[in-house]
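Report on the following structure.
Throughout, read-outs are computed from the coordinates displayed, never taken from laboratory work. Note that the structure is a prediction, hence the values are computed from the model and not measured. Because the Cβ atoms are built from the backbone with ideal geometry, glycine has one as well, and the counts that use them run over all protein chains shown.
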């Protein structure tokens, strides 16, 4: 930041103390600005509740760091839709050009974002990847859920719910989304190995990145397999919400066993009503929090872990109100997002 200070140097002796005070305050302001770390936090999108929790976690880290005497400014910016790779690339490139102190990034594509991240690395800007992996060694740390294990948890629970037999649909999100692809592969791994009597009716359909497109694809699947399907698995917030709406419209909600991924107001209500049987849950607030804490530690020359697991669990109607689930299913967004 460039600051221009202008003073009238024609002053009487009586004005010297005032001039000295102003000069001191100006220098102090410049020092304060220089000591504030500018951290860009770039999500995959900005509409889903998952990303709002990430944002809240980043702001929580800012508050905690301030209490330790470390000033941080969080710059939150991402594409509106979770399939706009070009916009996310542009956002990263713009922050690199602005010479921010650090970047926390949830890459939309595990390959498309490699080039801008490696440019940041060459510019001595540390990049911490959150949520979804990036196919590059240029990153400082990777902070995420064990997504493959999340898919395995979904398969174990859905297999149990349908008694180890029946017909199952798995709805994918989008090609190139490393986090959801890991969840999908983890699900298929366990389903094929541990539940050989289960028939996988459909595993190759992609929902797209919005609830509306997910609902359309879900309706097509239900129209084709509705009479046969006994279980459904969806891999993120938007696919779960879209499938929930489609099952309700078809009169199958609560009849077909349904395991989804992530939480949020709509999904939590579906769980409480019995239309969803279980949700594999991450801790996105912790992900945003640890992403910022880790990148600031790296900027300050501290050694940081190459990978940090933020945890994964399974929530049902029975354990929804457990204290351990509180920050996950009802994150305190209003406390940190003004």
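Below, the figures for the structure above:
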read-out: Volume per residue of the C-alpha convex hull in the stretch 295-335, rounded to whole Å³; value: 104
read-out: FRET efficiency estimate (nearest 0.05) - Cβ-Cβ, residue 87 to residue 322, R0 45 angstrom; value: 0.70
read-out: Degrees separating the helix 16-34 axis from the principal Cα axis of the chain, which is the longest one; value: 30
read-out: Förster radius 41 Å - calculated FRET efficiency between residue 124 and residue 185 (Cβ-Cβ, nearest 0.05); value: 0.70
read-out: Rounded tilt (10° steps) of 284-299 against the dominant C-alpha axis of the chain; value: 40
read-out: Sorted by Cβ density within 10 Å, fewest first, the residues 336, 289, 225; value: 225, 336, 289
read-out: Projected label distance in nm at residue 165 and residue 249, using a 7 Å step from Cα toward the beta-carbon; value: 3.4
read-out: Sequence of 279, 245 once ranked by neighbouring C-beta atoms within 10 Å, starting from the fewest; value: 245, 279
read-out: Computed over the chain, Kirkwood Rh from alpha-carbon pairs, angstrom; value: 21.6
read-out: Per-residue [θ]222 nm for the chain (sum of -39500 (n - 2.57) over DSSP H runs n ≥ 4, rounded to 500); value: -14500 deg cm²/dmol
read-out: Rel. contact order, % - alpha carbon contacts under 8 angstrom, at least six apart, the stretch 147-281; value: 26
read-out: Largest-first principal axis extents, alpha carbons of the stretch 56-183, Å; value: 55, 35, 27
read-out: Helix axis angle, 85-97 relative to the chain longest principal axis, alpha carbon, degrees; value: 20
read-out: Proxy reagent accessibility, fewest Cβ within 10 Å first, across 132, 177, 202; value: 202, 132, 177
read-out: Taking the chain and dividing mean pair separation by its residue count, relative contact order in percent (alpha carbons under 8 Å, at least six apart); value: 19
read-out: Cα-based equivalent ellipsoid of the stretch 147-281: semi-axis lengths in Å, sorted from largest, via gyration tensor; value: 18, 17, 14
read-out: Zone of residue 115's modelled label, taken as backbone nitrogen in the stretch 80-94 under 20 Å from a point 7 Å along Cα→Cβ; value: 83-94
read-out: Scattering profile of the stretch 217-338 at q = 0.13, 0.15, 0.22 Å⁻¹ [log10 I(q)/I(0), Debye over alpha-carbon scatterers]; value: -0.61, -0.74, -1.18
read-out: Label point distance in nm, residue 68-residue 334, each placed 7 Å from Cα along Cα→Cβ; value: 3.0
